Every structure is written in C-alpha cells, then in structure tokens.
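A quick write-up on the structure given underneath.
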Amino acid sequence: MNPLGIPGVYVDPEIQGGQPVVETGIPIYLILDMLAQGFARQTMLEDYGVTEAHIQIALQFAAAYLKQAAIHAA
C-alpha cells in the first residue's frame, strides 16, 4: 500500500506495525526525528542505512501529510 501516493513510501501491517516506511523498512517518523535532532546525514547513512533519497521521500511524505491534514481541518 502506498499512502498519499508518494513513491517510495510503503505501509504494511506486518512491517513496523503499519507505520509508513521507506523500502528498507525504516519508519518515516524515525528519519524525520533524526533530521529534527540534527543528526548528520553521514551518520544517518552509516548507522541506519538512510540515504539522501530516503530523506527526500520522508520530507515529501511529511509535506503531503500536513497538507492533507490542513485541507481536512478547514
């Protein structure tokens, strides 16, 4: 399943409890949390396998999710 139609985002109840993830199974929220905490991108790559493409996917997902939430709140 691909929530919000963002390529590279997957949801499967058997992976991370159904949280949106990138193809490696890393949850989107974890990528965003690491960015918010100021993790160096090299550290994210070395320690978690998070690539620049994963970061872009996570940011696209967050933007689309917030846009959708704003539309529904109006």
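Scanning segment 45-74 for residues that are in a helix (DSSP H, G or I) and polar (S, T, N, Q) yields GLN56, GLN60, GLN68.
Pick from segment 60-74 the residues that are in contact with a Leu (Cβ under 8 Å, 6 or more places away or on another chain) and not hydroxyl-bearing (Ser, Thr, Tyr): which of them is surrounded by the fewest Cβ atoms within 10 Å (Cβ to Cβ)?
From segment 60-74, those in contact with a Leu (Cβ under 8 Å, 6 or more places away or on another chain) are 61-62, 64-65, 68; that's our starting set.
So of that shortlist, the ones also not hydroxyl-bearing (Ser, Thr, Tyr) come out as 61-62, 64, 68.
Working: PHE61: 21, ALA62: 17, ALA64: 15, GLN68: 12.
Among them, the one singled out is GLN68.
The test for being small (Gly, Ala, Ser) and not in a helix (DSSP H, G or I) holds for GLY38. When segment 1-33 is filtered for residues that are part of a loop (DSSP other than H, G, I, E, B), out of contact with any Gly (no Cβ under 8 Å at 6 or more places or on another chain) and of a type in the set (Val, Ile, Thr), the ones remaining, listed by number, are ILE6, VAL9.
Screening LEU45 on (1) touching a residue at least 24 places away in the same chain (Cβ under 8 Å); (2) touching a Ser or Thr at 6+ places or on another chain (Cβ under 7 Å) shows it passes everything except condition (1).
For segment 11-27, the condition of being in contact (Cβ under 8 Å) with a residue 40 or more places away in the chain, of a type outside the set (Phe, Trp, Tyr) and surrounded by 14 or more Cβ atoms within 10 Å (Cβ to Cβ) holds for at least one residue.
Values in this text are rule-based calculations from the coordinates and carry no lab data. Computed from a prediction, not measured in an experiment: that's the story for all the values here. Note that we place each Cβ from the backbone using ideal geometry, even for glycine, and neighbour counts take in every protein chain shown.
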